[in-house]
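Below: the structure, in structure tokens.
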Amino acid sequence: MTGNQEAFDRARAVIPGGVSSPVRAFGSVGGSPVFISRASGPHLYDVEGREYVDLVGSWGPAILGHAHPEVVEAVQQAAARGLSFGAPTLAEAELAEVIRDRVPLAEKVRLVSTGTEACMTAVRLARGATGRDLIVKFAGCYHGHSDALLTAAGSGVATAGLPGSAGVTAAAAAQTLVLPYNDFDAVRTVFAEHGAQIAAVITEPAAANMGVVPPEPGFNALLREVTTTHGALLIYDEVLTGFRVSASGWWGYEGGVEPDLFTFGKVVGGGMPLAALGGRAELMDLLAPLGPVYQAGTLSGNPLATAAGLATLRLADADVYARVDHAAAQLSSAVSDALIRAGVPHRLQSAGSLFSVFWGLDEAVTDYVTAQRQNTDAYRAFFHTMLAAGVALPPSAYEAWFVSAAHDDETLERISAQLPAAVSAASRHAG
Ligand SMILES: Cc1ncc(COP(=O)(O)O)c(C=O)c1O
């Protein structure tokens, strides 16, 4: 049998860092990643046959748990009919309708393959629609790895402590204005100075790529107000929150703010490579073939991915969201209680069913600068103790913890039973 270490060594010889996406390499927590051979419900199984309770959920898609039988069957049936046609299918229209029914502001929807593509296209569409160049984003928000959006990004860029990325031209970076999240004055000032050149504000309406940082009351409404006043667009990047924090994502959970464009990913593809952007019909119709803003993809709207997304969204009913909310509430309070009991300073923050712990802080984390003050050594100790006990957490302190409808009380108890030892390990690095 191939062991985890052997698998990693073999992968590293032919794949940079041994991984297809950086955070998987355990760079910020140290040690070697476990290599997964299969997953089912709330569990992952590594190549050595060890079982883990999974709190990553493929970084968001697995809201039903892994390999839900009805989703797998839908994909198998689609596969038997053909893997890719490069021609339209009715299932794409069905999925777009399901998205529009949940988020009516997404009157029209374009299916793409990744969240990166969805955000990149939304930015291009905003520039095409307004004839303007500048984009406003917030430090610590991650919108995928396109050039315009990598500046001061969260997620893996935060994990690696990188300021951005080599290979992004100064020209691309100069067209992205980066502001602190939740900074009302910075938003007003940037619009006072550059309002006529700003094509769009792109935001995670509840940030979850620098740890979980919810918007301050009124912050998203301010974004709506200034963009409207200055003729810019507001893009809600709901790749992570969409169809996870509620049936209609953060938009439905929050209520009241009406963005121009949405991006979706993760849950919408049910674990397959599928993402989407949506918005008002007249804006979306600026995309090719109707309009001048070009966007395309050989595998866009792939029939297997579309089948997985459709099956997942059809199964994700009120009961599923209630179970996810219950699991998140139970687990987050168990973690917080264990940390309080051990006297470990921390701040637990949540946005709907997404939550994360900021280690060694007891102030509210409202932006990226504060998030970066956390003690990642404490998390490293906690993470490895949990992993050794069969609980797989995100391998970075800057990521949200993901639960699913398959995380039942028995599974949650299994996690809770491991908390005292992990918290004790973390406490040796706390403060
Ligand atoms: C909010 C947000 N936007 C965009 C992306 C990029 O999506 P993808 O990894 O599918 O390219 C992510 C990925 O984590 C995300 O969390």
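The values are calculated or read from the model by the stated rules, or taken from the named source; none is laboratory data. All values derive from a computational prediction rather than experimental measurement. Ideal geometry is used to build each Cβ from the backbone, glycine not excepted, and the neighbour counts take in all protein chains shown.
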Suppose the filter is surrounded by fewer than 23 Cβ atoms within 10 Å (Cβ to Cβ), more than 16 Å from the ligand (Cβ to nearest atom) and closer than 27 Å to P180 by Cα; does G86 pass it? no
Residue list for segment 294-327, restricted to those being assigned to a helix (DSSP H, G or I), under 18 Å from S113 (Cβ atoms) and hydroxyl-bearing (S, T, Y): T306, T312
List, please: which pairs have Cβ atoms under 9 Å, are six or more places apart or on different chains, and start with a residue in segment 315-330 that is over 20 Å from L95 (Cβ atoms) and at pLDDT below 95 and end with one that is among the aliphatic types (A, V, I, L, M) and surrounded by fewer than 20 Cβ atoms within 10 Å (Cβ to Cβ)? none
Among (1) at pLDDT below 95; (2) touching a strand residue (DSSP E or B) at 6+ places or on another chain (Cβ under 7 Å); (3) closer than 26 Å to L348 by Cβ, T159 falls short only on (2)
Single residue of A74, A93, A118 found to be within 16 Å of the ligand (Cβ to nearest atom), within 26 Å of the chain's Cα centre (by Cα) and assigned to a helix (DSSP H, G or I): A118
Subset of segment 26-45 [part of a strand (DSSP E or B) and closer than 23 Å to A327 by Cβ]: I36, R38, A39, S40, G41, H43, L44, Y45
What are the residues in segment 266-304 that are under 17 Å from A79 (Cα atoms) and of a type in the set (A, V, I, L, M, F, W, C), if any? M272, L274, L299, L304
Exactly one of (1) buried (at least 21 other Cβ atoms within 10 Å of the Cβ); (2) assigned to a loop (DSSP other than H, G, I, E, B); (3) aliphatic (A, V, I, L, M) is unmet by A247. Its number? (1)
Would it be correct to say that F402 is within 20 Å of the chain's Cα centre (by Cα) and modelled with pLDDT of 95 or more? yes
Looking at segment 16-28, I want the residues that are more than 21 Å from Q374 (Cα to Cα) and at pLDDT 95 or above and have a partner that is of a type in the set (K, R) and surrounded by 15 or more Cβ atoms within 10 Å (Cβ to Cβ) with Cβ atoms under 6 Å, at least 6 apart or on another chain. Which pairs are those? none
Among the candidates L274, L310, L283, residue that is within 16 Å of the ligand (Cβ to nearest atom), of a type outside the set (S, T, Y) and surrounded by 21 or more Cβ atoms within 10 Å (Cβ to Cβ): L274
From the residues in segment 1-28 that are within 26 Å of the chain's Cα centre (by Cα) and under 20 Å from E51 (Cβ atoms), which one is surrounded by the fewest Cβ atoms within 10 Å (Cβ to Cβ)? R24
Any chance V178 is surrounded by 19 or more Cβ atoms within 10 Å (Cβ to Cβ) and farther than 25 Å from L277 by Cα: no
So if I check each of P303, P273, which one is under 20 Å from E94 (Cα atoms) and touching a Phe, Trp or Tyr at 6+ places or on another chain (Cβ under 9 Å)? P303
Taking T189 and the conditions (1) more than 16 Å from D237 (Cβ to Cβ); (2) surrounded by 15 or more Cβ atoms within 10 Å (Cβ to Cβ); (3) hydroxyl-bearing (S, T, Y), which numbered condition does it fall short on, given that it satisfies the others? (2)
Just to verify a result, which residue in segment 253-293, among those that are free of Cβ contacts under 8 Å to residues at least 12 places away in the same chain and in a loop (DSSP other than H, G, I, E, B), is nearest to G57 (Cα to Cα)? G255
Which residue pairs have Cβ atoms closer than 9 Å, lie 6 or more positions apart in sequence or on different chains, and pair a first residue in segment 202-215 that is under 18 Å from W59 (Cβ atoms) and touching a residue at least 40 places away in the same chain (Cβ under 8 Å) with a second residue that is basic (K, R) and more than 9 Å from the ligand (Cβ to nearest atom)? G211/R347
Say whether the condition of being at pLDDT 95 or above, under 26 Å from G86 (Cβ atoms) and either within 16 Å of the ligand (Cβ to nearest atom) or acidic (D, E) (or both) is met by at least one residue in segment 125-141. yes
Buried (at least 22 other Cβ atoms within 10 Å of the Cβ), within 16 Å of the ligand (Cβ to nearest atom) and touching a residue at least 40 places away in the same chain (Cβ under 8 Å): is that true of G60 in this structure? yes
In the set R341, R347, which member is surrounded by fewer than 24 Cβ atoms within 10 Å (Cβ to Cβ) and under 22 Å from the mean Cα position of the chain (by Cα)? R347
Candidate set: segment 96-110, residues that are of a type in the set (A, V, I, L, M) and in a helix (DSSP H, G or I); chosen: the one surrounded by the most Cβ atoms within 10 Å (Cβ to Cβ): I99
Residue by residue through segment 361-380, note down the ones that are crowded, with 21+ Cβ neighbours inside 10 Å and more than 22 Å from K137 (Cα to Cα). Q374, A378, Y379, R380
Sole miss for R224 among (1) more than 14 Å from the ligand (Cβ to nearest atom); (2) in contact with a strand residue (DSSP E or B) (Cβ under 6 Å, 6 or more places away or on another chain); (3) of a type in the set (D, E, K, R); (4) touching a residue at least 40 places away in the same chain (Cβ under 8 Å) is condition (4)
